[in-house]
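These notes are about the structure you will find just below.
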Ligand code: FAD
Ligand code: SF4
Ligand code: SF4
């Protein structure tokens, strides 16, 4: 009888890929996890119990066929594993690196529920597609037949790129417009290299280019070209612009010099990692070297900021969050990584203002209006609110001052007012300012205008943007095949 290759979760322990030592990794922007060796990937994949109703799959936003690609990996059939993995996910090696697996596939693995430690789904997914790249199995879109219709996509983040890939494979002419000088959206300029190395993103962009997708970069829709002009040029338009308006701090001196936006800070650092000369980095404005850094927020953006500051050589890095560790939105895995690298978390704390003054020595951004301290109130968790979440309450008389040479605002993002910026009155938005679009197709209130990703969901996840982009591409193909309807505006 053939040997059973799977169900090894009782005899084989869960093992994640090796993590580089904190002392070493805190000095560079390279990814912190190594790749599995082939034998280890096979061994770890073999822990899967091949559930008849796989909860991992139902909790993956892309419904990836996880049990099948784990089985194929365990039996050394990697090219087939890659084909199955790529069939439902445009960027499997990116999701394998940065999905919060503990909340999605792995968090719902039955092996985890039975106390044996989840199958390491994300690490195996990354291994499969990194191997596929190495072996040359990843190919650019090569449509069997060209079509005349063209689609304009505004925004080259994961939502826009996933749609571009599907549409191009179907032979549609695709142009992607982006205001940045490189494609990738937050994959390129938000998420730091220690989570997602930049060549992993760039090789995907190059594949799309090689497959005939046209990129128009350094082009801000609304400034360099109007939304109407884009609509006039294409048979359909997809909006995938993400959310970039920063939630602001309040209180005295909240706009002092040295209080900066997380997105500016991370974009600058990522540009420097590409080898660009960035003035704000060179003049110290967006550079944490030698400084006392205070980051405000408890989500993934805050985690990326604190760990970037450590790598830039900050004197100290503190993260202020108004709830406790258990109630923070960011991934626990990232908090642990940050702590290992030397970040201090000050839970249950909330800045209510700032003091300013001159900083010595010269060169650290001296100036009378520059931030010197964050004035912090201590909090405690009170009664649960309507959503069941405990609300933070102020502990009276607990205020103290936290020294700060630079304060990074990482409180989250909101959508820009696109109908106003683009003079597009008929483009309906929700009360949160996100575009009102049909989940599953991306159709908006305007005829042949679609929207996906964060601009529809609010700040979300890469895997959801990919899902939206793929679903929307299918809807666009369906609509392009139908006779044009009268514009709905
Ligand atoms: P984006 O990736 O934001 O791309 C939008 C693109 O549109 C950008 O390139 C922008 O330049 C362009 N654009 C905007 N306006 C215009 C205009 N007017 N004209 C032309 N172009 C325009 N998710 C995870 O799953 N895992 C993580 O670890 C993770 N970490 C994160 C860390 C940070 C710091 C941040 C900010 C987010 C993180 N996220 C993470 C969330 C994730 O990055 C987003 O959910 C995802 O990128 C959304 O994709 P998108 O395509 O909708 O938009
Ligand atoms: Fe898990 Fe994300 Fe991969 Fe789905 S895409 S299997 S959620 S890592
Ligand atoms: Fe395998 Fe876990 Fe998915 Fe079950 S839930 S199929 S054990 S990965």
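Where a number appears in this text, it was derived from the coordinates with a stated rule and is not lab data. These numbers come from a predicted model, not from an experiment. Backbone-built Cβ (ideal geometry, glycine too); neighbour counts: all protein chains shown.
Using per-residue counts of other Cβ atoms within 10 Å, averaged over each peptide, order 343-351, 30-38, 166-174 from highest down.
Packing order, densest peptide first, comes out as 166-174, 343-351, 30-38.
Once a ≥ b ≥ c are taken as the square roots of the eigenvalues of the Cα gyration tensor of region 250-411, is the result rounded (a/c under 1.5), prolate (a/b larger than b/c) or oblate (a/b not larger than b/c)?
Cα axes put region 250-411 in the oblate bin.
Roughly how far apart, in whole Å, are the Cα centres of region 35-62 and region 229-263?
Comparing the Cα centres of region 35-62 and region 229-263, I get a distance of 38 Å.
Which residues does a label at residue 226 reach in region 401-428, if reach means a backbone N under 17 Å from a point 7 Å past the Cα toward the Cβ?
418-427
Quick check: from the Cα gyration tensor, does region 236-318 come out rounded (a/c under 1.5), prolate or oblate?
Note, shape of region 236-318 comes out oblate.
List the relative contact order of region 30-139 as a percent without decimals, with contacts defined as Cα pairs under 8 Å and 6+ residues apart.
Across region 30-139, relative contact order equals 31 percent.
Can you figure out the FRET efficiency of residue 23 with residue 346, using R₀ = 22 Å and their beta-carbon distance, to the nearest 0.05?
In this case the efficiency is close to 0.40.
Under the rule of -39500 (n - 2.57) per DSSP H run of 4 or more residues, summed and divided by the residues of the chain, what mean residue ellipticity at 222 nm is obtained, to the nearest 500 deg cm²/dmol?
-9500 deg cm²/dmol
At 7 Å along Cα-to-Cβ for each site, give me the label-to-label distance between residue 417 and residue 447 in nm.
Modelled inter-label distance: 2.9 nm.
How do 129-135, 50-56 rank on mean C-beta neighbours within 10 Å, highest first?
Ranked from most to least packed, the peptides come out as 129-135, 50-56.
Rounded to the nearest 0.05, what FRET efficiency is calculated for residue 75 and residue 14 with R0 set to 30 Å and r the Cβ-Cβ distance?
After rounding to 0.05, the efficiency reads 0.90.
Once you have the Cα-Cα distance between residue 250 and residue 315, take 0.36 nm times their residue separation minus that, and quote the gain in nm to one decimal.
The residue 250-residue 315 span can extend by a further 20.8 nm.
Measure off 7 Å from each Cα along the Cα-to-Cβ vector at residue 383 and residue 425, then give the distance between these two points in nanometres to one decimal.
4.6
Each label point is 7 Å from the Cα along the Cα-to-Cβ direction; what then is the distance between the points at residue 30 and residue 51, in nm?
So the label points at residue 30 and residue 51 sit 3.6 nm apart.
Can you give the FRET efficiency for residue 282 and residue 63, using 1/(1 + (r/R0)^6), R0 = 41 Å, r = Cβ-Cβ distance, to the nearest 0.05?
The value I calculate is 0.30.
Determine the percent antiparallel among the DSSP beta bridges restricted to the chain, to the nearest 5.
Of all bridge pairs located within the chain, approximately 40 percent are antiparallel.
Considering only C-alpha atoms, what is the centroid distance from region 115-189 to region 271-306, in Å?
After rounding, the separation between the Cα centres reads 28 Å.
Using alpha-carbon pairs under 8 Å, 6+ residues apart, how would you state the relative contact order of region 250-411 in percent?
Reported relative contact order: 29 percent.
I'd like to compare 288-299, 116-127: which one has the highest average count of other Cβ atoms within 10 Å, and what's the full order after that?
Final packing ranking: 116-127, 288-299.
Could you tell me which of rounded, prolate or oblate describes the chain, using a ≥ b ≥ c as the square roots of the eigenvalues of the alpha-carbon gyration tensor, with rounded for a/c under 1.5 and, failing that, prolate when a/b is larger than b/c and oblate otherwise?
oblate
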